[in-house]
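Please treat every number below as a calculation from the coordinates, not as lab data. Remember, predicted model here, so these are calculated numbers, not experimental data. For neighbour counting, all protein chains shown are included, and Cβ atoms are generated from backbone atoms with ideal geometry for every residue, glycine included.
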Amino acid sequence: MPTATPADVLARRRQLILDGDADGFADLFAPDAVIEVPFAPPGAPARLAGRDAIREYSRHVTTSLLRIEDFEVVELYQTQDPEVVIVEVSAKATLTTTGQSVVATSIQVFRIRDGQIVLFRDFANPGILADVMSEPRPES
């Protein structure tokens, strides 16, 4: 059976994110995979090492107050290394406590080997989420 291409893996990741499937999301990663978030906001991990840590954090995220409603790969860039792709993504989410919506864009770098993510670096603006989380509740 042929190995999934990076585009296949990322398409599967998109669907799992939209479905809120933390375990399926974690299963996309190699057992020794690493997620790095160089601009992680306060209180969020800047690095997750291993599928188990990714699974635990993904479960936490899927039960958070932020509901992801749309997640799109805007551009997918192949590099000279066939394992490495750079992705521009746009995500729309709603804070469930206030109904406040946010659209966040990010540049993500992946190393995908044998159909599994071995490295994922997310270069997102941490201020976007902080701005939404600090919004006052709408008046009823």
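Exposure proxy for SER90, SER106, SER58: other Cβ atoms within 10 Å of each Cβ, ordered fewest to most, give SER90, SER106, SER58. Quick check for you: which residues of segment 30-61 have the amide N under 20 Å from the point 7 Å beyond the Cα of ASP81 toward its beta carbon? Correct set: 30-39, 47-51. Counted residue by residue at 0.36 nm each, then reduced by the alpha carbon distance between them, the extension gain from ALA49 to THR105 reaches 17.8 nm.
Summarising the strand pairing of the chain, around 90 percent of its internal DSSP beta bridges are antiparallel. When you restrict to C-alpha pairs under 8 Å that are six or more residues apart and normalise by the size of segment 6-133, the relative contact order lands at 26 percent. The string of couplings for segment 62-67 from the Karplus curve (6.51, -1.76, 1.60, θ = phi - 60°) is 5, 9, 6, 7, 9, 9 Hz, one whole number per residue in order, with x for Gly and Pro. Residue-wise HN-Hα couplings along segment 6-23, as the Karplus relation 6.51 cos²θ - 1.76 cosθ + 1.60 with θ = phi - 60° gives them from phi, are x, 4, 4, 4, 5, 5, 5, 4, 4, 5, 5, 5, 5, 7, x, 8, 5, 5 Hz; Gly and Pro carry x. Under the shape rule built on the C-alpha gyration tensor, where the axes satisfy a ≥ b ≥ c, segment 43-83 is oblate, since a/c reaches at least 1.5 while a/b does not exceed b/c.
Summing charges over neighbours of ILE117, with a neighbour being any other residue whose Cβ is under 9 Å away from its Cβ, gives +3 when K and R count +1 and D and E count -1.
Give the residue list of GluC sites (Glu not before Pro) in segment 1-103 that are DSSP loop and have at most 14 other beta-carbon atoms within 10 angstrom. In loop regions of segment 1-103 (DSSP not H, G, I, E or B), the sparsely surrounded GluC sites (Glu not before Pro) are GLU83. In a fully extended conformation the segment linking LEU18 and ARG121 would gain 35.1 nm over its present Cα-Cα distance, using 0.36 nm per residue.
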